[in-house]
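One structure is given below, encoded as structure tokens.
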Amino acid sequence: MRGVAKILVVIDTRKKKQIALNRAVDIVKATGSELHVLSANPKPSEASREKLEAFSARIRDQGIEVHTQEKWSKTLVDTIIHVRQMERCHLVIKDYKPEGGLLSAFSTPDDWNLLRQCRVPVLLVRHDRTYHGSHMLAAVNGDPDDKHHHQLNQAILQNARISADVYGATLHLSTAHPTTMLAIQDQGDGTTDKDRYLSHCQQYAKNYGIMPKDIHVRPGPAESLIPELSRELQVSLLVMGTQARTGLPAVALGNTAEQLISDIDTDLLVVQPRHHMIPLERELER
């Protein structure tokens with residue numbers, strides 16, 4: 001949520017419960033951001049426009065200025081990306097869309113595509129629990145030898161730290177390290193992989209104001225660790241990073257953030273490495 005001056009929230013006016021819209025309003029109240037509401041609707045009607053206006057009226061009654069739009073451009077993701085760019089929004093919020101069956105087997109889910117293509121952080125909303133005074137989790141790659149993930153880790157921690165500060169939440173830091181048999185192997189300097197990962201995370205924790213007791217370094221794949229730890233800590237917000245992927249391998253494999261979307265019951269804020277956010281930084285300077 002770093003540098004969020006304008007928020008784009010995507011809604012479906014057919015739904016009675018608008019958890020993404022409610023979350024966006026809550027964030028606007030906490031940050032003073034502007035709010036743009038998009039109804040991505042391929043078949044707009046007078047009824048859908050009336051529903052959109054009704055939702056907007058409730059927001060205005062809370063003293064919040066809101067701009068609304070009903071639009072469609074080929075696909076849901078294309079619509080979101082286009083409006084995000086035109087409105088220069090710094091955060092996209094939408095509710096999580098479950099995918100299943102043959103569709104997910106032979107195509108890339110909309111949420112995955114959005115995470116890959118969006119040049120600003122994306123918040124996928126799964127619940128309506130409060131962020132205030134809650135627990136939040138920043139999931140990083142704690143391998144000290146993986147320089148490729150350093151910028152991504154920084155983007156994750158910067159956004160997680162600010163989110164926790166805004167809501168007075170406790171911020172936790174987690175990483176998965178190699179499985180037990182590999183982790184206990186001496187690296188030649190008297191340390192194990194677990195020791196090295198922990199030391200690396202301790203430095204991150206020091207830089208971002210995270211208490212030592214809130215560092216979680218455990219063995220196993222991140223796809224298993226993160227959902228398990230999220231449930232254990234009852235986190236309200238999970239912050240992760242993703243790298244852009246294209247082509248057939250992307251459909252089959254995905255990133256860690258994409259793979260575990262369906263396995264968590266918490267809101268998920270996904271960011272990309274900071275150098276991917278250069279256009280955003282330039283917009284904020286205008």
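The values are calculated or read from the model by the stated rules, or taken from the named source; none is laboratory data. Keep in mind it's a predicted model, so treat the numbers as computed, not measured. Note that each Cβ is placed from the backbone with ideal geometry, even for glycine, and that neighbours are counted across all protein chains shown.
With respect to the conditions (1) under 19 Å from the mean Cα position of the chain (by Cα); (2) in a loop (DSSP other than H, G, I, E, B); (3) at pLDDT below 55; (4) not aliphatic (A, V, I, L, M), H275 falls short on a single one, namely (2).
In region 156-178, the residues that are assigned by TED's automatic domain parsing to the domain that holds T192 reach residues that are basic (K, R) and part of a helix (DSSP H, G or I) with C-beta atoms within less than 7 angstrom, at least six apart or across chains, in these pairs: L171/R161; H177/K194. Can you work out which of the residues in region 148-169 that are surrounded by fewer than 22 Cβ atoms within 10 Å (Cβ to Cβ) and β-branched (V, I, T) is nearest to T31 (Cα to Cα)? Of everything passing the filter in region 148-169, V166 is nearest to T31 (Cα to Cα).
The helices (runs of 4 or more DSSP H) found wholly in region 1-92 and carrying at least 3 residues that are among the hydrophobic types (A, V, I, L, M, F, W, C) and either touching a helix residue (DSSP H, G or I) at 6+ places or on another chain (Cβ under 6 Å) or under 23 Å from L238 (Cβ atoms) (or both) occupy 19-31, 76-87.
Here D143 passes the criteria (1) in a helix (DSSP H, G or I); (2) more than 19 Å from V25 (Cα to Cα); (3) free of Cβ contacts under 8 Å to residues at least 60 places away in the same chain except the one numbered (1). Pairs only if they're at least six apart or on different chains, beta carbon under 8 angstrom, first in region 78-97 and under 16 Å from Q272 (Cα atoms), second assigned to a helix (DSSP H, G or I) and charged (D, E, K, R); list them, first residue then second. Between residues of region 78-97 that are under 16 Å from Q272 (Cα atoms) and residues that are assigned to a helix (DSSP H, G or I) and charged (D, E, K, R), the close pairs are H90/E283; V92/R84; I93/R23. Of all residue pairs spaced 6 or more apart or on separate chains, those with beta-carbon atoms under 6 Å, a first member in region 183-199 that is at pLDDT 60 or above and of a type in the set (K, R) and a second member that is part of a helix (DSSP H, G or I) and crowded, with 18+ Cβ neighbours inside 10 Å are K194/A183. Scan region 12-29 for residues that are among the polar types (S, T, N, Q) and over 16 Å from H127 (Cα atoms) and report the count. Going through region 12-29 one residue at a time, the tally reaches 1. Note on region 201-225: residues that are part of a helix (DSSP H, G or I) and at pLDDT below 95 total 4.
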